[in-house]
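For reference, the structure is listed below as structure tokens.
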Amino acid sequence: AQSVTQPDIHITVSEGASLELRCNYSYGATPYLFWYVQSPGQGLQLLLKYFSGDTLVQGIKGFEAEFKRSQSSFNLRKPSVHWSDAAEYFCAVVPYGGATNKLIFGTGTLLAVQP
Amino acid sequence: ETGVTQTPRHLVMGMTNKKSLKCEQHLGHNAMYWYKQSAKKPLELMFVYNFKEQTENNSVPSRFSPECPNSSHLFLHLHTLQPEDSALYLCASSQEVKRGDLTDTQYFGPGTRLTVL
């Protein structure tokens, strides 16, 4: 079945440490890929998106993500985490050829940042 | 105000009540969306409106009734809800729904936390 999987429900990292959040998809053709962040009490904000081309995508707030076709993955990374990065992170896809309204979300990864 | 706003931010209602959620976008967009976010479940798309016309109803029960009087406002009317309908309801907007337009980004509001007793 077509799906988006975020294997880690909850991650804790120390401030200043590097971060990698995992996202795997299960679709026949490479979908369009997105990462959103949801801070407490706020709506979702788009961090970055991948459609084609360079497999390393730069986003806002110092985040980047790398698309790996062989692994059906689109992992989110940040070299040095700040306390303000504590939030919930959602990977989302739009199946290839679909309209952008058809966002399909993973279950999210809750990031905690230790001082 | 800027962006996408939602009122109320919190709502508690009984199963026999009728209430409405309101969403307003100040971005000049033409498409608006309702999502349901339940604990430990992925966000679920409920409805999509494009230029005030409903283009998507994702098999949502009739106890949820959307209304889009203009491109800036979106309502979700609620009646005879069930406790399992308790969730965070998110509104979003985008420029417009256009197949193949990959530049259209959805902007989300802060949500309404709904509790059904």
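Hey, does region A:62-71 have a residue that's among the acidic types (Asp, Glu) and within 14 Å of the chain's Cα centre (by Cα)? Checked against the condition, which is being among the acidic types (Asp, Glu) and within 14 Å of the chain's Cα centre (by Cα), region A:62-71 yields at least one hit. Residues in region A:37-59 that are more than 30 Å from B:Gln6 (Cα to Cα) and at the interface with another protein chain (Cβ under 8 Å from one of its Cβ atoms): A:Phe51 alone. Screening the candidates B:Thr7, B:Thr55 for the property of being farther than 20 Å from B:Pro83 by Cβ and within 13 Å of chain A (Cβ to nearest Cβ) yields one hit, B:Thr55. Only residues that are in contact with an Asp or Glu (Cβ under 8 Å, 6 or more places away or on another chain) and not basic (Lys, Arg) were counted in region A:4-38, giving 4. With respect to the conditions (1) within 27 Å of B:Pro110 (Cβ to Cβ); (2) at pLDDT 95 or above, A:Leu46 lacks only one, and its number is (2). Selection over region B:72-117 of residues that are more than 8 Å from every other protein chain (Cβ to nearest Cβ), over 13 Å from the mean Cα position of the chain (by Cα) and not acidic (Asp, Glu) gives a count of 11.
Scanning region A:18-43 for residues that are at pLDDT below 90 and over 14 Å from the mean Cα position of the chain (by Cα) turns up A:Ser26, A:Tyr27, A:Gly28, A:Ala29, A:Thr30, A:Pro40, A:Gly41, A:Gln42, A:Gly43. If the condition is being of a type in the set (A, V, I, L, M) and touching a helix residue (DSSP H, G or I) at 6+ places or on another chain (Cβ under 9 Å), then region B:9-39 contributes only B:Met15.
Restricting to strands (runs of 3 or more DSSP E) lying wholly in region B:24-117: which have 2 or more residues that are in contact (Cβ under 8 Å) with a residue 60 or more places away in the chain and of a type in the set (A, V, I, L, M, F, W, C)? So that I can check it myself, show each step before the final result.
Details: elements: B:31-37, B:44-50, B:53-57, B:64-70, B:73-79, B:87-94, B:112-116.
Fully inside region B:24-117 and qualifying: B:31-37, B:87-94, B:112-116.
Looking at region B:18-39 only, could you name the residues that are closer than 14 Å to B:Ser65 by Cα, charged (D, E, K, R) and surrounded by 14 or more Cβ atoms within 10 Å (Cβ to Cβ)? Of everything in region B:18-39, those that are closer than 14 Å to B:Ser65 by Cα, charged (D, E, K, R) and surrounded by 14 or more Cβ atoms within 10 Å (Cβ to Cβ) turn out to be B:Lys19, B:Lys22, B:Lys36.
Residues in region A:20-61 that are of a type in the set (Lys, Arg) and free of Cβ contacts under 8 Å to residues at least 40 places away in the same chain were compared, and the one that is nearest to B:Lys36 (Cα to Cα) is A:Lys49. For the structure I just gave you, tell me whether B:Lys36 is within 13 Å of chain A (Cβ to nearest Cβ) and at positive phi. Answer is no for this residue.
The values are calculated or read from the model by the stated rules, or taken from the named source; none is laboratory data. What you are looking at is a predicted structure, and each value in this text was computed from that prediction instead of being measured. Note: ideal-geometry Cβ built from the backbone for every residue, glycine included; neighbour counts use all protein chains shown.
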